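Student: Below is a structure I'd like to ask you about.
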Amino acid sequence: MFRILVDRYKNPVAAVIKGMLGDCPEAEDIGQDTFISLFRTLANFRGESALKTYLIRIAMNLSLNELKRRKRMLAKNVKMDSPENYVQLFEKPQQENRELAESINMALEKLDSRQRSVFILRIVEGYSTKETADILHIPLGTVLSRLSRAMSEMKILLANEN
Amino acid sequence: MKIKPEIMNRKEIEKLLSLAESKSADKTEFSGFSEPAEAESKFRLLRTVRANRNEQETGFSPFFTEQVMGKINVLFNKPDIQTYLSMQFSKVFAFGFSTVILILFALYFMHGQINFSAFTGTDSGNEINFISSVFYEF
């Protein structure tokens, strides 16, 4: 039964985690932790939101924790395996789109993690504004204002890239 | 010099999002926005990001489901009562069996100085045995 859940939702979970962290070795571990956490808390799931929303919320929280951990590690000057290179929204970009994809990745990487989470969920993954608000536990207005800032930042960052 | 980002108001953002998600958005007019040029450039950004995302596949390794199920089995699946009892019985049996083996070894290496009948007092020999010595005490 739980195997069916994993099979059904592993791709949306992967999209969110890799969107937040990039295609790094930790992404797979965090994906596994997401489902283990779901299994652990499934009995407490009250059905107030859709199961997918609940699962994506777990994935997003774990990704944000990982970003915080990286930030702490960098602050301590601990050498990691180029964490800044991990954030790659688009896996294995096609040759003709490589430059654009790389520019978007680099711009996204420079966004604040709160703006990035809203941008990934709402724009990249196409969740509705309400779903994004539910996943992140923030009001609708906050989603829109963070999105507005994120888009403006992205526009400037992409302009600077070019 | 850092450029100050142009922040759109919430209503305009909602309108822009719905335009970006509509199928006929290519022919959209942006005159309804307070800054039409700004809205159009953001609209293009949204469409570009979404188009790029749609071209790419994101997923975990093919063994992901198996790995998750394996971890869950290790972390959460405790053995049922029958398995538990059988495991306990095996432990007791192994302990008892090894004790008997040790006693038999001890009897063999002590060349019969200690044997079962000597210990229980049923030894027919002349030598005093453990049980008899207890009786002689009284």
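None of the figures in this text is laboratory data; all of them are computed from the coordinates on show. It should be emphasised that the depicted structure is a prediction, and the values quoted were computed from it without experimental measurement. Positions of Cβ are generated from backbone atoms using ideal geometry, with glycine treated the same way; all protein chains shown enter the neighbour counts.
Student: Give the order of B:Lys91, A:Lys18, A:Lys110 when sorted by the count of other beta carbons within 10 angstrom, beginning with the fewest.
Tutor: In increasing order of surrounding Cβ atoms, one gets B:Lys91, A:Lys110, A:Lys18.
Student: Counting only helical runs of four or more DSSP H residues, what would the 222 nm mean residue ellipticity of chain A come to if each run contributes -39,500 (n - 2.57) and the total is spread over all its residues? Could you put the intermediate results ahead of the total?
Tutor: Details: 7 runs with 110 residues, N = 162.
Estimated from H runs of four or more residues: -22500 deg cm²/dmol.
Student: Test of understanding: ordering A:Arg116, B:Arg47, A:Arg46 by Cβ neighbours within 10 Å, fewest first, what list do you get?
Tutor: The fewest-first ordering by Cβ neighbours comes to A:Arg46, B:Arg47, A:Arg116.
Student: What is the Cα convex hull volume of segment A:1-79 when expressed per residue in Å³?
Tutor: Values: hull volume 7.5 nm³, N = 79.
In segment A:1-79, the Cα convex hull volume per residue is 95 Å³.
Student: With only Lys, Arg, Asp and Glu charged, each at its Cβ (+1 for the first two, -1 for the last two), find how big the charge dipole of chain A is about the Cα centre; round to the nearest 20 debye.
Tutor: It comes to approximately 620 debye.
Student: Two-decimal Rg/Rh of chain A from alpha-carbon positions, Kirkwood Rh?
Tutor: 0.97
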